[in-house]
Every structure is written in structure tokens, then in C-alpha cells.
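A.B. asks: This is the structure, below, for whatever I ask next.
The values are calculated or read from the model by the stated rules, or taken from the named source; none is laboratory data. Only a predicted model underlies this, so the values are computations on that prediction, with no experimental measurement involved. Here the Cβ is made from the backbone with ideal geometry for all residues, glycine too, and neighbour counts use every protein chain on show. Only protein heavy atoms, including side chains, enter the accessible area calculation; ligands, DNA and RNA are left aside. Shrake-Rupley method; radii C 1.70, N 1.55, O 1.52, S 1.80 Å.
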Amino acid sequence: MATTTAPTKAPGRGDRWAGPGMLLPFALFYLVFLVGPLIYTVVAGFFDASLLKKGLGDFAGLSNYTAVLGDDEFWRTLKNTLWFTVLTTVPLVLLSLVLAILADRFVRGRWFFRFAFFAPFVLPSAVISLIFTFIYADQVGLAQQAAKWLGVDTPPSWLGDPDWAMISIAAATVWWTIGFNFVLYLAGLQDIPRSVHEAAAIDGAGPWQRIRHVIVPMLGRTTTLVTVLQAVASLKVFDQIYMLTMGGPDGSTRPSLQLIYDTGFVEGRVGYASTVSLLLFVVILLVSLVWFALVRRAEKER
């Protein structure tokens, strides 16, 4: 008995606009809250804009850029931001990779490690800052007591000493955010076929040789993603530093975003703050492009 198939219905006019219609809310959000402020930032950098007067103010040309580039405070906050980026990016990439490799060896209970390492990441920055305010407290803080147990007679003031404040904040940030990179690496490890590990074992490769010559190279793209995301996130640091030290002591932990906040919202100099924002954006863009270029060059040489 012959069967007949119903003719397929040609897409109507309404079906054609279903996809763009679903994208429209996000497109509007993107334009209003991302593209719009970016355009305003670029334009305001050429004007003497202020929160105390309407409009953009008088045209300033490149005077804001000249003032920012000649401002010692701008270079000091940029140096603090870059130093924080180095202190956090390196351990957050290396430690998350090591922890993911160790956790991947557990067939059972892997969910527990995911939960244990990722749980702090979902906590708000205010909660993390409150926790580490008590941990780093002078005399009674847990960090002070731990240093005394290790034989240090006079532990430093972790948040009050300019030599230790940024390191202490970086350590808190590593504990807080390591779970995100850990999950990314664990997902990358699970994408490596078990046949690759078995073939390496048959060829006589030991555990360390498999990690060095098989796992790490096959995680190259994941490492690139993790490093770029982490570097960009560290360059935009503000919350935990502001709540733990407010940029102190003596400005030793003041990041670029706090300079933007202070000049733009506290002092009301919107044009100056917009210029700093744009220069910081250029720094973040250059760091990302340089890293991508280095990774591509390394991949071509392989």
C-alpha cells in the first residue's frame, strides 16, 4: 500500500522574523548598556564633562589625555592593577590545572570536587570581603594565628602593610575564583578520549610523561581561554580591593577602576574619568591581542 507524505509548508512571513525577534531584547540591552556607554565614554574624553553641569561641557580636545598620561597617580594605579593581575593570573591558571588533573583521576565523587571548588565562586564579593576582613584582622585574625603557629613571632599586618596588602588580597581572590577555571579545565580533560591515555600507556609513558606530553598540549586551547578570561577579569578588579582596603594603605592597592570611580563619581570629573576608562580599555585589549598572537605563533611552530 503506497504511503503519501504531506507537503512541507513553506516558511511564512512570521517565521522569518522569529529569530530576529528573539534576539531583539538582547540587542536592545547590548546597545543601551554596552555600546551606548562606550560611545559616550569616547566622546566625553574630548570634553570637560562633569556631573555638576548639564551636557558635555566645553570642548577640551586632547587635554584630558595629556593630563592623564602626565598624572603619576594614573601610572601608579595602572602598576597596581598589573601587579594584581600577575599575582592572580599565574596561580589561578596553574593551580586550577593541577587540581583539575588530580580530580579527573577520581571516577567516583567527582561531583564533590566540582562543588567544593566552585562553591566559593558563587558567593558575592561583599561576603568574601567580610570573611577575609576577619581572617586578616590584626592580633585576632586566623592568618595572624596561623603565622604564629608556623613560628613567626611578629606577623605582619596583612591589610595594613603596603608590602603585604596586595599579596593578601590576591590570595583571597585566588581562593574565591579558582573554581571557575577548575571547572573549565575539568571539562577540557573530559573531552580527551580515554583511548589517547591508553595508547600513551601502551607506549610506555608514565603518569608524568602523559601529563607533560599528552594532557597539557591537548589542553592548549582551554589554557588560552582560561588565561585570557582571567587576565581580563584581574585587570578589571575593584570590588574586593575597595571593600578590604579602599585602595590603602597609602594607595598601595588602589587599582585603575578605583581611580575611575573616585574621579568620575566622587569628584564629578566625568571627562577625566572617561579618558582613564578608555586607556584602561586599550590596555586590556592589547594584553588580549598579544596573548592571542603568542598562542597562535606557538601553535604554528608545533
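A.B. asks: What figure, in Å² to the nearest 10, do you get for the accessible area of Asp239 with a 1.4 Å probe and non-protein molecules left out?
C.D. replies: 70
A.B. asks: Between Ser195 and Leu130, what is the label-point separation in nm under the 7 Å Cα-to-beta-carbon projection?
C.D. replies: 5.3
A.B. asks: Another question, if that's okay. Looking at the chain as a GNM with Cα springs under 10 Å, which of Pro193, Pro249, Pro91 has the largest mean-square fluctuation?
C.D. replies: Among Pro193, Pro249, Pro91, the largest GNM mean-square fluctuation belongs to Pro193.
A.B. asks: For Arg114 paired with Asp163, estimate the spin-label separation in nm (one decimal), with each label point 7 Å from Cα along the Cα-to-Cβ line.
C.D. replies: Between Arg114 and Asp163, the simple spin-label model gives 4.5 nm.
A.B. asks: Round to the nearest 0.05 the FRET efficiency obtained for Asp250 and Val140 when R0 = 30 Å and r is the Cβ-Cβ distance. Before the final figure, lay out the partial values.
C.D. replies: On the way: r = 24 Å, r/R0 = 0.80.
Efficiency, from the Cβ-Cβ distance: 0.80.
A.B. asks: Now a separate question. Work out from phi, with θ = phi - 60° and the Karplus expression 6.51 cos²θ - 1.76 cosθ + 1.60, the ³J(HN,Hα) of each residue of the range 112-119, listed in order in whole Hz, and give x for Gly and Pro.
C.D. replies: Going residue by residue, I get 5, 5, 4, 5, 5, 7, 8, 4 Hz, with x marking Gly and Pro.
A.B. asks: What's the FRET efficiency of Val282 with Asp58 using the Cβ-Cβ distance as r and R₀ = 25 Å, to the nearest 0.05?
C.D. replies: Values: r = 25 Å, r/R0 = 0.99.
For Val282 and Asp58, the calculated efficiency is 0.50.
A.B. asks: Size of the dipole of the range 38-197 about the Cα centre, Lys and Arg at +1 and Asp and Glu at -1 on the beta carbon, nothing else charged, in debye to 20? Mind dumping the intermediate values first?
C.D. replies: On the way: 10 positive and 11 negative charges, 173 e Å.
Here the size comes out at about 840 debye.
A.B. asks: Here is a follow-up. Give the long-range amide H neighbours of Phe47: residues separated by 5 or more places, or on another chain, with amide H under 5 Å away, using H modelled in the peptide plane at 1.01 Å from N.
C.D. replies: HN-HN under 5 Å from Phe47: Ala60.
A.B. asks: Would any residue of the range 25-54 have its amide N under 15 Å from a label point 7 Å out along Cα→Cβ of Trp17? List them or say none.
C.D. replies: Only 25 pass the distance filter.
A.B. asks: Karplus couplings for the range 159-168 from phi (6.51 cos²θ - 1.76 cosθ + 1.60, θ = phi - 60°), rounded to Hz, Gly and Pro as x?
C.D. replies: 9, x, 9, x, 7, 10, 4, 5, 5, 5
A.B. asks: If you average the alpha carbon positions of the range 253-302 and of the range 99-176, how far apart do those two centres end up, in angstrom?
C.D. replies: Their Cα centres are 27 Å away from one another.
A.B. asks: While we're here: Between Trp75 and Leu24, what's the calculated FRET efficiency when r is the beta-carbon distance and R0 is 45 Å? Round to 0.05. It would help to have the intermediate numbers written out before the result.
C.D. replies: On the way: r = 43 Å, r/R0 = 0.96.
Rounded to the nearest 0.05, the efficiency is 0.55.
A.B. asks: Magnitude of the Cβ-charge dipole of the chain, K/R +1 and D/E -1, about the Cα centre, nearest 20 debye? Numbers along the way, then the final one.
C.D. replies: Details: 23 positive and 20 negative charges, 279 e Å.
Value, rounded to 20: 1340 debye.
A.B. asks: Kirkwood Rh, Cα Rg: Rg to Rh for the range 67-176? It would help to have the intermediate numbers written out before the result.
C.D. replies: Values: Rg = 17.5 Å, Rh = 16.5 Å.
Checking Rg against Rh, the ratio lands at 1.06.
A.B. asks: With a ≥ b ≥ c taken as the square roots of the eigenvalues of the C-alpha gyration tensor of the chain, please select rounded if a/c is under 1.5 and otherwise prolate if a/b is larger than b/c or oblate if it is not? Intermediate results must be reported in sequence, preceding the final value.
C.D. replies: On the way: a/c = 2.01, a/b = 1.11, b/c = 1.81.
Because a/c hits 1.5 or more and a/b fails to exceed b/c, the chain counts as oblate.
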